[in-house]
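S.K.: Sharing a structure, written as structure tokens. Questions coming.
Every number in this text was worked out from the coordinates using simple rules, so none of it is lab data. Since this is a predicted model, take the numbers as computed values, not measurements. Cβ placement follows ideal geometry from the backbone for every residue including glycine, while neighbour counts extend to all protein chains displayed.
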Amino acid sequence: MDMQFHLMTPLFMVSLFKWPRFGYGLIILGICASCCYRCILTIKYSLFHHLSCLRYYVDGDIDSFFYRFFIYLDTLHIKPIPNLGTYLLGLGWGHYIWNREMNKKRSTSMMTLCFGWIGCYISLLIFYDVLYFSDESLLKHIAYNGFGTILYSCCMGWIFHVCTTKQMELLSRLLSLKIFFPFSRLSFAAYLINFMVILHYLLSSTKQDETFSFISMIGFVLHATFWTYILSFIASLFVEVPVSRVFRWFQGN
């Protein structure tokens, strides 16, 4: 999927640099098409969002959960077109920030910053509270699968924007602490490994009698995070570090 995104990138990058308005319009069109496509797939295959609906299945009907989860995985999670929207959002936002720096534009006005943070808070509220903790329904799944990832990506994009434009010095310093550096080096390996850790946890816990609760959800997150980064460190040690040294050797010669 990532490679297919890289192959599509020149189409949008050339448009952004040559004809910026057309490029941004093309990106917006791609985001809308991706969201609509996700909604159509959700209706056609009766897809659910696995994490928001886990509590309905984990106490007894886990087999049904896995069946629907693998349909969701094969239909939405690993296909390029349904995930194109978040990729294009990052691409367009990155070009916008780069263009600001090249043109040395002034900082965003205080009113824009206020509305930006309010929009970020509302988007996170919708993503986590309104959609995540609401009762299971087809309309919820359509909204969550179709627009949830875009809402979350907009929030992350806004945080990235205020940090890179140096308009949130406290947050920028917090995220730049050296304690986060090792985690950033392991982030790509963690991205590749986390699904296997989550899947192993769910498969190995099918015979447990504990009921699903907020505490068990916290335990699940901590367990998955811990083992994801442990395995990512091992993978980085045996794969990424040797490969990076080989690349440095080639560059030096």
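S.K.: Counting Lys +1, Arg +1, Asp -1, Glu -1, what net charge surrounds Leu41 among other residues with beta carbon under 14 Å of its beta carbon?
M.R.: Around Leu41, the charge tally is +3.
S.K.: Moving on. Say each of Phe180 and Cys36 gets a label point 7 Å from the Cα, pointing the same way as Cα to Cβ; how far apart are those two points in nm?
M.R.: Output for this residue pair reads 3.7 nm.
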